[in-house]
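Below is one structure, written out as structure tokens; comments come after it.
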Amino acid sequence: MDIDKFREEFKKKSVFRQVSSLDLSYVPDTLFCRDEAIRELIHNFRRIIDEKEQPSLSVLIHGKGGVGKSVTSRYFGKNFKEIALENDVKIFIEYFNCINFRTKSKIIRELLGKYTHGSGRGFSDDEAIKLILSKLIRDNGYMLLIIDEVHLLKPKEVWAILDIAETYGHQNAKLSILLISRTQDWMRIETERILSRLNSKIKLEPYDMEESNKILEYRSGLAFKDGVVHDDIIEMISQIVVDHNNMRHGIEILRKCGLYADKEGFEKLTADMVREASNEVYPTFRGDVVDKLNDQELLGLYGVAQSLLNNEEPYTIVDDAFLEYQTICETYDIKPHVKMSFRKYIRELNQLKIVASRTVRIEEDKRGRHLEITLLDIPAKKLVDLLDTIFEKKYK
Ligand SMILES: Nc1ncnc2c1ncn2[C@@H]1O[C@H](COP(=O)(O)OP(=O)(O)OP(=O)(O)O)[C@@H](O)[C@H]1O
Ligand SMILES: [Mg+2]
């Protein structure tokens, strides 16, 4: 390609009005079909604004993947802050996704850095919390801490977070907590003790056809220029959302179709594009990231997927994945790296959110812990197929 052709690509008309409105972290100005959940949140937390004592409250939002838990909590946070300010209540909304912050300590350090500008080195978690709470009191502020994917923390840590108000005294804890988790994940960590600290549990159900239609119509109106997405296309995507119980699927399909249309110079989305995109979409699986992996990471990922496929458990352990990794390397005549390097690749995949891993204590193990790895959302079989295709192209 020469510079003129390069320039020409930029001159092509785009179907998008605002492609960033399809980003996962985007919070739309209007949130359709979640009125009840939002109302419940308002009535749980309004005491922070209404009452001088400013109580400490804890609420959980749960539901299946892609039902709008994250977007609902962010929408609530954003608007709650605005109303609080109108009422002269200085509120700080802090959102953490435990995919990025894997421990309670990491979250607390981050907060400490932000609120007291200290690194937090040398402080215990408890001391750090004390510093943050004192700072809030001094500034006459209040914090709503939103913790997404909270099941990635240890149950003990979840308990400790919910127990802050008890530990430091309700007068001193200018802090409320909104936890988010998929129902199934939450069930693994829920205990009586944790339950006893929750003021309320809000469950979000998947959207039905009518709701999906409404949401997708609104979202495509924000993202695309007029006339790009016709009603029958929206209808078609809504059906896919309902079939999978997952709105993320729909948003991803819109994004993929738009990018494809731009690249190929189409002015409208078509049913074929939707079908094509739908086959490629796994709601939280990040295909764009897989494309960027290096050979060793791809082979490592294959090891994880294949060993998950073999043992049919939700988690696999490093040793099993490493064996599969060695096998696939042999298949393609590639020299496998040592286990320590393999662990490094897994850590990198973890950081990229392609796999989730966590260290688990086990009593029988001499070293007392091992690393559990799982895939985020894509079925192991699908990933193995995808990687097979990539390898065939690369190594044949
Ligand atoms: N009511 C809604 N209005 C507009 N967009 C929505 C709505 N509900 C969900 N979405 C969009 O659908 C996608 C998935 O929603 P979200 O990320 O909130 O799901 P989730 O329940 O947190 O899923 P997961 O458990 O996988 O994290 C996002 O792009 C979000 O913006
Ligand atoms: Mg979410």
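Only the coordinates and a few stated rules stand behind these numbers; no lab work does. Fair warning: this is a prediction, and the values are worked out from it, not measured in the lab. A quick note on method: Cβ atoms are made from the backbone with ideal geometry, for glycine too, and the neighbour counts reach across all protein chains shown.
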Handout entry: Options HIS62, HIS244, TYR207, ranked by Cα towards positive dipole end of the chain, top entry (Cβ charges)
Key = HIS62
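In what sequence, highest mean first, do 262-270, 291-299 appear when ranked by Cβ atoms within 10 angstrom?
Answer by packing, highest mean first, reads 291-299, 262-270.
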Problem - Set LYS156/LYS344; LYS106/LYS174; LYS11/LYS292; LYS225/LYS292; LYS214/LYS381 screened for pairs whose C-alpha atoms are more than 25 Å apart - result: LYS156/LYS344; LYS11/LYS292; LYS225/LYS292; LYS214/LYS381
Completion exercise
Residue span ASP208 to TYR395: 0.36 nm per residue of separation minus Cα-Cα distance leaves a gain in nm of 62.8 nm
Handout entry: Counted charge near ALA356, where neighbours are those whose Cβ lies closer than 10 Å (Asp, Glu -1; Lys, Arg +1)
Key = 0
Practice task
With the cut-off at 34 Å, report for the chain the share of all Cα pairs above it, as a whole percent.
Solution key: 41
Handout entry: PHE224 long-range amide H proximity, modeled H, under 5 Å
Key = ARG17, GLN18
Handout entry: Hits among lysines - C-alpha to C-alpha of LYS64 under 18 Å, sequence gap 8 or more where chains match
Key = LYS201, LYS203
Fill in the blank from the handout: For the ILE83, GLU51 Cβ pair and Förster radius 25 Å, calculated FRET efficiency rounded to 0.05 is 0.95
Problem - Hits among aspartates and glutamates - C-alpha to C-alpha of LYS52 under 13 Å, sequence gap 8 or more where chains match - result: ASP88
Handout entry: Cα-projected label distance for ASP2 with HIS43, points at 7 Å along beta-carbon direction, nm
Key = 7.0
Exercise for the section: Between beta-carbons, use under 10 Å as the cut-off and find the net charge around ILE373, counting Lys and Arg +1, Asp and Glu -1. Expected result: -1
Handout entry: Solvent-free Debye scattering, log10 I(q)/I(0), computed from the Cα coordinates of region 184-256 at q = 0.18 Å⁻¹
Key = -0.70
